[in-house]
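The values are calculated or read from the model by the stated rules, or taken from the named source; none is laboratory data. This structure is a prediction, so every number in the text was calculated from the model and none was measured. Every residue, glycine as well, gets a Cβ built from its backbone with ideal geometry; the counts of neighbours run over all protein chains shown. Accessible surface is based on the protein model in full, side chains and every heavy atom, while ligands, DNA and RNA are left aside. Shrake-Rupley method; radii C 1.70, N 1.55, O 1.52, S 1.80 Å.
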Amino acid sequence: MMISEQMNSALNKQVANELNTSFAYLAMAFELDDMGLKIFGERFVQQSDEEREHAMKITGYLQDVGGKVVLSGVDTPRSEYGSARSMVEAALESEKTVTRQINDLVSLAESEKDYATRSFLQWYVDEQVEEVSSMSELLQMVEMAGESNLFLVENRLAKMMKQEQGKE
Ligand code: OFO
């Protein structure tokens, strides 16, 4: 195995963190859909899929370095936020938490002189900058629109998602 036992278990913990985030975003997507915010809900399904991909990328790395993937239980996500704003606030907090988790992994890799893992983690460091920034922008949009004008956010998200599809 090319990584330490400690790093192996820290990466498995991060797999669980990413899956928990994925599940939490999925719960938010259903609540948004129930509120009649279909596009907003789709955006969170997309976010949820991305978090799952983040988890899978780590499991792929563990396999590449001869580590062992150990999956652990996913927490039951909060099911009721009551407003789009409190959901996006929670999502932003969650992205900030993930950023701290990634930074801790980077510190561990550096302290162990595990430069392969350090290099692997750089993708997550960069991704978190993007995710915190896009979630902050979304929160700003929701705040500007206010709960009664969320259709404006729906329209904006629909345009953004269409543009992103065009780039793929
Ligand atoms: Fe958005 O968090 Fe994954 O890494």
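Using a cutoff of 8 angstrom between alpha carbon atoms and counting only pairs six or more residues apart, the relative contact order for the chain works out to 27 percent. Rolling a 1.4 angstrom probe over the protein heavy atoms with all chains in place gives the stretch 76-147 an accessible area of 53 Å² per residue.
Directionally averaged projected area (the chain, Cα convex hull): 9.8 nm². Length gained on full extension, LYS68 to GLU147: 23.9 nm, using 0.36 nm per residue less the C-alpha separation. Counting only DSSP H runs of at least 4 residues, each contributing -39500 (n - 2.57), and dividing by the residue count of the chain, the helix-based mean residue ellipticity at 222 nm comes to -28500 deg cm²/dmol. Full extension of the chain between ASN155 and GLU93 yields a length gain of 19.9 nm, computed as 0.36 nm times the residue separation minus the alpha carbon distance.
Pairs with C-alpha atoms separated by more than 32 Å, drawn from the list LYS38/LYS68; LYS96/LYS162; LYS68/LYS113; LYS13/LYS159; LYS68/LYS96; LYS68/LYS167, are LYS38/LYS68; LYS13/LYS159; LYS68/LYS167. Packing-based ranking of 137-149, 77-89 yields 77-89, 137-149, ordered from highest to lowest mean Cβ neighbour count within 10 Å.
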